[in-house]
1. Any idea what the dipole of region 1-57 comes to, in debye rounded to 20, about its Cα centre with Lys/Arg Cβ at +1 and Asp/Glu Cβ at -1?
2. Restricting the count to DSSP beta bridges whose residues both fall in the chain, what percent are antiparallel, rounded to a multiple of 5?
3. Using the Cα centre of region 1-158 as origin and beta-carbon charges of +1 (Lys, Arg) and -1 (Asp, Glu), tell me which of ILE46, SER64, ALA90 is placed farthest towards the positive end of the dipole.
4. Under the rule of at least 5 residues apart or a separate chain, name every residue whose amide H is placed under 5 Å from the amide H of SER59.
5. Once you list every other residue whose beta carbon is under 14 Å from the beta carbon of LEU14, what net charge do they have if Lys and Arg are +1 and Asp and Glu are -1?
6. Would you kindly derive the ³J(HN,Hα) couplings of region 55-69 from the backbone phi angles with the Karplus curve 6.51 cos²θ - 1.76 cosθ + 1.60 (θ = phi - 60°), listing them in order in whole Hz, with x for Gly and Pro?
7. Among SER52, SER119, SER36, which one shows the biggest mean-square fluctuation in a GNM of the chain, springs joining Cα atoms closer than 10 Å?
8. Please turn the phi angles of region 149-154 into ³J(HN,Hα) values with the Karplus equation 6.51 cos²θ - 1.76 cosθ + 1.60 (θ = phi - 60°), one per residue in order, whole Hz, x for glycine and proline.
Amino acid sequence: MTDKMDSLLPPELLDAARRVVDANRAAGRRIALAESCTGGLVAAAITEIPGSSDVLGSSFVTYSNEAKVSMLDVPFEMIETFGAVSIAVAWAMARGAQERSDADIAVAITGVAGPGGGSDKKPVGTVVFGRAIKGADPEDIAADKRHFGDLGRGGVRLQAALCALELLMPGASLEGAP
């Protein structure tokens with residue numbers, strides 16, 4: 001007989017996910033995600049929490065540019081012009097996830113987790129977040145770029161997931177999030 005394993009994920013990630021589920025359940029909000037560099041890590045953390053289906057309706061893992069275009073309606077020209085790791089693409093991913101899911105809030109994550117893929121303008125550890133809220137002015141772009149540094153692939157992905165979870169909290173601001 002083997003011992004039951006509750007989670008493979010770090011406790012700090014699960015604690016943040018629990019706060020997100022509890023706060024959004026209390027607020028009566030449905031959430032959605034659009035993940036690229038985190039590859040579903042945020043959704044995995046949320047779904048580790050019993051009762052998470054009360055708040056999480058949809059999660060999109062759009063790792064490739066083609067997936068961003070086909071699943072979230074991100075304009076291909078936008079990706080060509082600004083790159084997949086950009087304010088414009090993160091915002092379009094969040095809007096696409098919100099619209100496709102009819103969630104109250106959607107958060108998108110796109111970045112360079114490493115070890116390769118970085119550049120002078122977008123070094124390893126660069127992650128861009130977008131957030132779309134149902135009924136918000138579509139001209140009001142809510143996105144921000146963070147530089148976590150080269151923490152290793154796992155470290156960048158963990159920090160990006162923690163930041164995305166904070167952005168899903170009611171009343172959270174893109175400015176000043178961890």
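1. Numbers: 6 positive and 8 negative charges, 56 e Å.
The dipole of region 1-57 has a size of about 260 debye.
2. Details: 12 of 22 bridges.
Of those bridges, close to 55 percent are antiparallel.
3. The residue sitting most towards the positive pole is ILE46.
4. Amide H neighbours of SER59: LEU33.
5. Details: positive: ARG18, ARG19; negative: ASP6, GLU12, ASP15, ASP22, GLU48.
Spelling it out: positives minus negatives among the neighbours equals -3.
6. So the Karplus estimates, Gly and Pro as x, are 10, 8, x, 8, 9, 10, 9, 10, 6, 8, 4, 4, 5, 4, 5 Hz.
7. Among SER52, SER119, SER36, the largest GNM mean-square fluctuation belongs to SER119.
8. Result, ordered by residue: x, 7, 8, x, 4, x Hz.
The values are calculated or read from the model by the stated rules, or taken from the named source; none is laboratory data. Just so we're clear, the structure is a prediction, and the values are computed from it rather than from any experiment. Here the Cβ is made from the backbone with ideal geometry for all residues, glycine too, and neighbour counts use every protein chain on show. Calculation scope for accessible area: heavy atoms of the full protein, side chains included, ligands and nucleic acids excluded. Shrake-Rupley method; radii C 1.70, N 1.55, O 1.52, S 1.80 Å.
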